[in-house]
Structure formats: structure tokens, C-alpha cells
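The values are calculated or read from the model by the stated rules, or taken from the named source; none is laboratory data. Here the structure is a predicted model, which means the values were calculated and not measured. Note: ideal-geometry Cβ built from the backbone for every residue, glycine included; neighbour counts use all protein chains shown. Side chains included, ligands, DNA and RNA excluded: accessible areas come from the protein's heavy atoms. Shrake-Rupley method; radii C 1.70, N 1.55, O 1.52, S 1.80 Å.
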Amino acid sequence: MVRAIIDITRANPGTERKLVEAVLAQDGGRFSARPLVTGFNNQESRLSGIAAMVQFASLGDWLPEAEINEQTARLAATPASEAGRSGDTVLIYSFHHSILNLEGAVGSVSPRPLTTPLRAYARNTAIILTEWPDELMPLDQAVASLAATLAREGATVERPVAKTNVRPQLVRQDPRFDKRAHPSAALPGLITLLLEKARDRGLIQTVGVDPGTQVYLTAAGQAYAAAAHAVPHLPATAGSGSGSGAASGAEVAASDPVGITAGGSSGGGQDRSALFQTILRQTDFGIFPQVRQDFYAHMKQIAAELGDGPPTSRELCRQAARRTKEGAPDKIKQSRRDESKGEIPKDAYPWKKLEQFGMRALARAGLLAGPDGRSIGDGDPWRIPSARVASLPDDLADLLDGEMVVEIIRKCPDVGWQDCESLAGAVLDGRSDDDSDRIAGIVVMLIEQGRIEWDATTQVLRIGPVVPTAPVVPAVPVKEWTGRGPGL
């Protein structure tokens, strides 16, 4: 007989009951007890109607795969112990590769369980996304972002936009729609469901059939977008009135994950800084404000010490991160946005991510080249670690911090001159006159390089046409770098 654990944590919203029913129908005759279903808080109600046939164990809200693995191992301990005494087998159903391969904590459960892919049962359940995944963002926020996006794109009945373009346009408005930002963002049918929800509210209309469907805002949708001021992440700004989609400051603070209560290039202060920092974190490109400038200084120092040839980006950034760690205090203060959370022990700081950021920033800035002198950019990630550092100019810190500014402008379509202080708060973790002046200088540098452009019509910054090209690495023999040498 079998003691079953069904892990539904990565089931498409609205499909949980069908999945469990498919397992019960196919395998239920072998179960020696009610199966244990593990899922998140918002998934328990979706098992209504079969709740008496299973035991449900909540894992809280959202967790990454590694933590789901650990929680599954903990919950499997009792069934495994009972199975060991009765001669039963523990069988775990899951979507997670680490669980199916018995990696991590679940691999230490004794007696060793069997696993089976839950995806095989999903194929037989005609799964269609019917419920909005609140773990991604509240539906009101998603609809507001859609309305703001369509308003920005000028989507009217005379000029509708293609449905196939909606997601990339949404990502510019709210990076949480990027499929890489959260598992729920990659759910099939997510954009279709969002359009249905907005259409049900009378905010949009669609014409045609897939794949040629087009979308436009109704008059009510245009009024809704205007009332909400096209604020990223929010259905409305605090104090926007009682119109459609308006929200109080308390409602906004409760629903918005980064606490943004104002936005747009017209201002927003520290809340705009929070939005920009969220963009950098979600794209895994920064921000390390406590140690980044020391990291840059060590990069230049190490490159100067290696007089017999250019190092690879991996060698340079790895050693610079090590030196930065050695010189850091035992406890590192959080950024100003997170200082209420206290300090981070030095050993717990994400040094590996700092190293990876350094390599990517060098590539984006056009400072890396391959053996043939060809520029190695961020679009060629597998070659970045072994690429040679062509040069480290005196203004290295401005060049690499500039890549963070470019990333913000790439993801946020309404960065204007009023945002200089907010950019300083995001990139430099400071809003002093000196910080703002430095950011202004970096923006001017990027414009002169052609990396970004100033759109005088819309009064916002745009990505420019110029892609940085690495200088040719000198064709000299390169001594194998060991990480040892003067001062290393």
C-alpha cells in the first residue's frame, strides 16, 4: 500500500482540485490513508468539495523551491516512519525537480520515498487558468497596470494594440509581469485572464480572434487610467478621489509590496527610489550600496597589480569581492530603505551576487573582450567569466553605476529630469546634493555616449541606439592568474 503526499505548490491557480481528483481517480485505490496535500494558504479553498478526502497542510504563502523541499521533507517524516513500520511505501507527487530527484532535504527522508511527476496528471485535466494568482500581485493592481500601459500606448478603438504585444508593454510598466520575476508570472493564459477581468469591468474591449486579437481602452478605461495617474504597481495614488480604482493611503500601504504611494516622473521622492531599487532587484542587477564603491576600487587596484597581462572578469571580480569582504565590518548596515531590518552579518552578505554583478556590469559597459578582440556583452553570458578585461578607466565607478541607470530606464518608461534625486536614492542610497549631482553627471555621460536619449516631446529618457564596444585586448601573452601576487 502507499502513503501519498501531493505537493500542489506549483499548480496553476484554479486547477488544484482537478489535479488532486486526477491522482485520486488513477491511484487512490492503492492509498492506505487519506493523502496529505501540501500547498499554500490560498490553495486550500480551491479543494472545496474533496476536502474530506484529503488532509491539507499549509506551507504559508509563497516559498522558493528549496524551502518547499525542506517543508516537504519535514511533513514526510511522520508518514515515512509509519510506512517503515507497516511496510507501506511513501509516494510524493510534485512539479519540483529537486523533490522528484530526491535532492536536498527530501532526499534524507527514511525510508527513502518514491516520487512521480504531477505534470503527468495535469495533462489529463484540461487545465485552464481561471483564478487570478494573488501571490503575483492583487488583481486590482494588475488591472491598473494594464490600463496605465494601454493609455501610455494610446490604445483606442481607432488604434488598438496587438494582444501579442501586451506582455512586453506591461513589463515596461510593472516588472513583476516579467516571466522571470516570479513563477506565477509565467503561468500560461495569464495575460488572457487579465484581459478578461479588465473587459468584465468595462475598461477594455477586444476585437478579432487569436493570434490576431487586438485590445483597446474603452471610455471608462481611459477615465480609470487617468484617475489612477498611471502609477506603477497601484490601482490609484493616495488621495486620487473616490473614482473608479481609487484607494486610500492605508489600502495602498497594505497592498503594495514595496510601499509605493506616489509615482510618475512628476515626483514621488523616496517612493520612486523604492520602485527603481525594486526594478534592479527583480532583474538581479544590483544594488549593493554598502560595499559597491569599495568593490570598484579593489577592481582597479588588482588590475594595476597584475602587470603581466589582463585578468579575466571572473578572476578580477572574484578577488575584488574577497578583498571587499575582508575589509567590511562584521555587521553591514542595511540600505536606507531597509534600515529598520537591522544589520547583516558579514558572512551572510550576498558576496557571490556582488561578484556576478561586477562581471555583468563590465560586459554591459563594453570593458570585456574575447581572445579575438571581439566585444563580449551581456547578451553572451556564457563567455563573460572567461572574457578578458580590456581596460579599467579612471571613471570606472561612473561607468558601472551608469549601467544601473540604463537598466532603470530600460524597465521604467517615464524617468524624467525630476527623477534625478530618486535615481540617486536608488543607485547611491543617498539623496544629498552631491549624490544628485553625480547622477546628473552620469546621465549626461550616457547621453553623450548615445546609450540613452532625451525625448524632448515626452520629457523622458529613452534607451539610445549605441551599444558599447570593448577595446581590443592587447595581443600579449597572458600569464595564468592564480589569485596570488603583490597584495593578494
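Is there a residue being touching a strand residue (DSSP E or B) at 6+ places or on another chain (Cβ under 8 Å), open to solvent by 70 Å² or more (accessible area, probe 1.4 Å) and either not polar (S, T, N, Q) or not in a helix (DSSP H, G or I) (or both) anywhere in the range 376-385?
No, that holds for no residue.
Given the conditions (1) farther than 16 Å from Ala361 by Cβ; (2) open to solvent by less than 20 Å² (accessible area, probe 1.4 Å), which single one is not true for Val291?
Every listed condition holds for Val291 apart from (1).
Just to be sure, is Arg46 charged (D, E, K, R) and in contact (Cβ under 8 Å) with a residue 24 or more places away in the chain?
yes
For residues that are in a helix (DSSP H, G or I) and open to solvent by less than 30 Å² (accessible area, probe 1.4 Å), tally how many sit in the range 14-34.
So the count comes out to 7.
Could you give me the residue pairs with C-beta distances under 8 Å whose first residue belongs to the range 399-428 and is of a type in the set (Lys, Arg), whose second residue is outside any helix (DSSP H, G or I) wherever it lies, and which are 6+ apart or on separate chains?
Arg410/Ile463; Lys411/Thr283
Got a sec? Which strands (runs of 3 or more DSSP E) wholly within the range 35-135 have at least 1 residues that are surrounded by 14 or more Cβ atoms within 10 Å (Cβ to Cβ) and small (Gly, Ala, Ser)?
By residue number, 36-39, 55-58, 89-94.
Looking only at the range 435-454, how many residues end up being open to solvent by 20 Å² or more (accessible area, probe 1.4 Å) and out of contact with any helix residue (DSSP H, G or I) (no Cβ under 9 Å at 6 or more places or on another chain)?
Number satisfying all stated conditions: 3.
So which residues in the range 129-152 are among the β-branched types (Val, Ile, Thr) and over 18 Å from Leu187 (Cα atoms)?
Listed by number, the list holds a single entry, Thr149.
Give the residues of the range 143-176 that are closer than 24 Å to Gly208 by Cα and open to solvent by less than 10 Å² (accessible area, probe 1.4 Å), sorted by residue number.
Within the range 143-176, Val143, Ala144, Ser145, Leu146, Ala147, Ala148, Thr149, Leu150, Ala155, Val166, Leu170 qualify.
Assuming Met1 fulfils every condition listed in (1) open to solvent by less than 20 Å² (accessible area, probe 1.4 Å); (2) more than 29 Å from the chain's Cα centre (by Cα); (3) within 30 Å of Arg85 (Cα to Cα) apart from one, which condition is it?
Result: Met1 fails condition (1) only.
Output the number of residues of the range 294-310 satisfying the condition of being open to solvent by 10 Å² or more (accessible area, probe 1.4 Å) and at pLDDT 80 or above.
Total meeting the criteria: 8.
Take Ala11 and tell me if it is exposed (fewer than 15 other Cβ atoms within 10 Å of the Cβ) and of a type in the set (A, V, I, L, M, F, W, C).
No.
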